[in-house]
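The values are calculated or read from the model by the stated rules, or taken from the named source; none is laboratory data. Remember, it's a predicted structure, so these values are computed and weren't measured experimentally. Don't worry about glycine lacking a Cβ; one is built from the backbone with ideal geometry, like all the others, and counts go over all protein chains shown.
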Ligand code: PYC
């Protein structure tokens, strides 16, 4: 699929420090139909657009891209396909908050409740104020409790496997303090754990790869409940508390009877940004997490593709 760089318009926001690049014009035309089919077409025919948006020199590894699409369900205000430096995401909590704040900034949605179509289901969103957004994520659940894995250089690690719109391994006891000074070491530990899960063939449902690793420690302030570190699929760490990761955490807390219905859980990120989360019950022992966070628009970009550019679609790594 050809890309006309001059036709592309993106708006950048961050949610708790984690960037979202919303493609509002000039993205690949993926046609209509169910969103998972459109993701496959994106992957097959326009993956160079993904790398153009996110790879260096135009992007960097922490940015999550969001392609705004026509919803296939007419009850939805918009549809969105999330992608990152490695591939495509089922859902993205910080990204959904960023998308809603950006649509508000553009004057495209009014305060109140709306529905957002994502490849893994419909997410209810609420624009509370121009920068404050709540999402009601897809039904989330714990698949397996206390799964152990041998991690080279670390030893036996135990953790839960849970779905929050993406697959997570939530480490029971972090091998090192979950503090910002340890970001590089935490990234290394989380990467080793992820590789060990793959090597041991430990997966999510239906053999799905567990591509997010989450570690926990005490919060830096006493009104929060926990601080997390989340390794994203492409090797970057989430600057936000990770909406899908917080959903997975709530599913585990609910399954263990450690968090009651609709009681707020304040999840801090590794850089100290925070989401306020709670849940209500759903069918099949699942929960519907509600995540409230803030996003701020910080830029609008137009792209240029000069003839002879040796990296028109970014640097492949
Ligand atoms: O907020 O769900 C999230 C997320 C996933 C990857 C990066 N952020």
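Total residues in region 40-66 satisfying the condition of being farther than 15 Å from residue 299 by Cβ, in contact (Cβ under 8 Å) with a residue 24 or more places away in the chain and part of a helix (DSSP H, G or I): the figure is 8. Scanning region 11-39 for residues that are within 16 Å of the ligand (Cβ to nearest atom) and in a strand (DSSP E or B) returns 12, 13, 14, 15, 18, 19, 20, 21, 22. Among the candidates 32, 27, 87, the residue that is closer than 30 Å to residue 272 by Cβ and in contact (Cβ under 8 Å) with a residue 24 or more places away in the chain is uniquely 87. One residue is enough: does region 206-222 have a residue meeting the conditions over 21 Å from residue 158 (Cβ atoms), assigned to a strand (DSSP E or B) and at pLDDT 95 or above? Among the residues of region 206-222, not one is over 21 Å from residue 158 (Cβ atoms), assigned to a strand (DSSP E or B) and at pLDDT 95 or above, which makes the answer no.
Mind checking which residues of region 150-170 are outside any strand (DSSP E or B) and within 14 Å of the ligand (Cβ to nearest atom)? 164, 165, 166 - these are the residues of region 150-170 that are outside any strand (DSSP E or B) and within 14 Å of the ligand (Cβ to nearest atom). State whether the residues of region 243-256 include one that is part of a loop (DSSP other than H, G, I, E, B) and either within 16 Å of the ligand (Cβ to nearest atom) or at pLDDT below 95 (or both). Checked region 243-256: no residue is part of a loop (DSSP other than H, G, I, E, B) and either within 16 Å of the ligand (Cβ to nearest atom) or at pLDDT below 95 (or both).
Would you mind stating whether residue 185 is within 16 Å of the ligand (Cβ to nearest atom) and free of Cβ contacts under 8 Å to residues at least 40 places away in the same chain? Considered against the rule, which asks whether it is within 16 Å of the ligand (Cβ to nearest atom) and free of Cβ contacts under 8 Å to residues at least 40 places away in the same chain, residue 185 comes out as no. One residue stands out in region 269-317 among those that are assigned to a loop (DSSP other than H, G, I, E, B) and free of Cβ contacts under 8 Å to residues at least 24 places away in the same chain: the one that is surrounded by the most Cβ atoms within 10 Å (Cβ to Cβ), namely 309.
What do you reckon, is residue 198 at pLDDT 95 or above, more than 16 Å from the ligand (Cβ to nearest atom) and closer than 19 Å to residue 89 by Cα? So residue 198 fits the description; yes. Only one entry of 109, 135, 81, 128 meets the criterion of being without any contact (Cβ under 8 Å) to a residue 60 or more places away in the chain and either in a strand (DSSP E or B) or closer than 25 Å to residue 305 by Cβ (or both), and that entry is 81. Determine whether residue 147 is at pLDDT 95 or above and either within 11 Å of the ligand (Cβ to nearest atom) or surrounded by 21 or more Cβ atoms within 10 Å (Cβ to Cβ) (or both). No; evaluated as a whole, the condition is false for this residue.
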